[in-house]
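**Student:** Just dropping this structure here.
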């Protein structure tokens with residue numbers, strides 16, 4: 001099961017069924033068996049609050065992840081993701097692609113975090129994480145987002 005919630009008042013026009021399908025592909029690639037997660041789409045203000053409370057960083061960020069898989073690899077519910085739609089829009093413009101592409105790129109990034117990868121631990125893990133993201137994005141039909 002994939003739950004998507006959108007903060008009330010956000011301008012949201014994405015196809016949630018398609019988004020769930022792409023996330024489902026990501027989960028199938030990263031985990032064995034049936035897995036579930038939640039995705040919360042919010043704004044900079046709310047994600048900043050969570051970033052401050054959870055990571056002691058008083059700034060907005062693009063995505064936050066809470067992994068339950070790392071604590072219990074047998075759990076069906078692998079974790080929760082929170083994305084700032086404000087950051088998604090800004091980064092899509094900076095990267096020169098549409099909102100859907102940036103949204104999927106960040107969801108791939110978040111799902112790899114849920115599987116236990118962390119780019120902040122080492123350069124080697126950062127490279128491995130980026131490779132996993134590329135694999136996921138290709139499965140979702142998004143090729144060549146990262147330079148080779």
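**Student:** Which of 133, 53, 102, 16 has the fewest other C-beta atoms within 10 Å, and how do the rest follow up to the most?
**Tutor:** Result, fewest neighbours first: 53, 16, 102, 133.
**Student:** Starting from a Cα-only point model with no solvent, please compute log10 I(q)/I(0) by Debye for segment 2-139 at q = 0.09, 0.10, 0.11, 0.14 1/Å.
**Tutor:** -0.25, -0.31, -0.37, -0.63
**Student:** Counting each DSSP H run of 4 or more residues in the chain as -39500 (n - 2.57), what helix-only mean residue ellipticity at 222 nm follows after dividing by all residues, to the nearest 500 deg cm²/dmol?
**Tutor:** After summing the helix terms and dividing by the residues of the chain, the value is -15500 deg cm²/dmol.
**Student:** Determine by what factor the alpha-carbon radius of gyration of segment 35-90 differs from 2.2 N^0.38 Å, reporting the quotient.
**Tutor:** Relative to the rule-of-thumb radius for its length, segment 35-90 sits at 1.20.
**Student:** Between segment 1-51 and segment 56-108, how many Å separate their Cα centres?
**Tutor:** 8 Å
**Student:** Here's something else I'd like to know. With an 8 Å Cα cut-off and a minimum separation of 6 or more residues, compute the relative contact order for the chain in percent.
**Tutor:** Relative contact order for the chain comes out at 22 percent.
**Student:** Now, a different point. Per the Kirkwood treatment, what hydrodynamic radius in Å, one decimal, follows for segment 10-58 from the mean inverse distance over all distinct Cα pairs?
**Tutor:** Answer for segment 10-58: a Kirkwood hydrodynamic radius of 13.2 Å.
**Student:** How much length is gained on full extension from residue 127 to residue 21, taking 0.36 nm per residue of separation minus their Cα-Cα distance?
**Tutor:** 35.5 nm
**Student:** Something else: If R₀ is 35 angstrom, what is the calculated FRET efficiency for the pair residue 28 and residue 8, using the beta carbon separation as r and rounding to 0.05?
**Tutor:** 0.65
Quick note: the coordinates plus some simple rules give every number you see, no bench work behind them. Not measured: the values here are computed from a predicted model. Cβ coordinates were reconstructed from backbone atoms using ideal geometry, including for glycine residues, and neighbour counts include every protein chain displayed.
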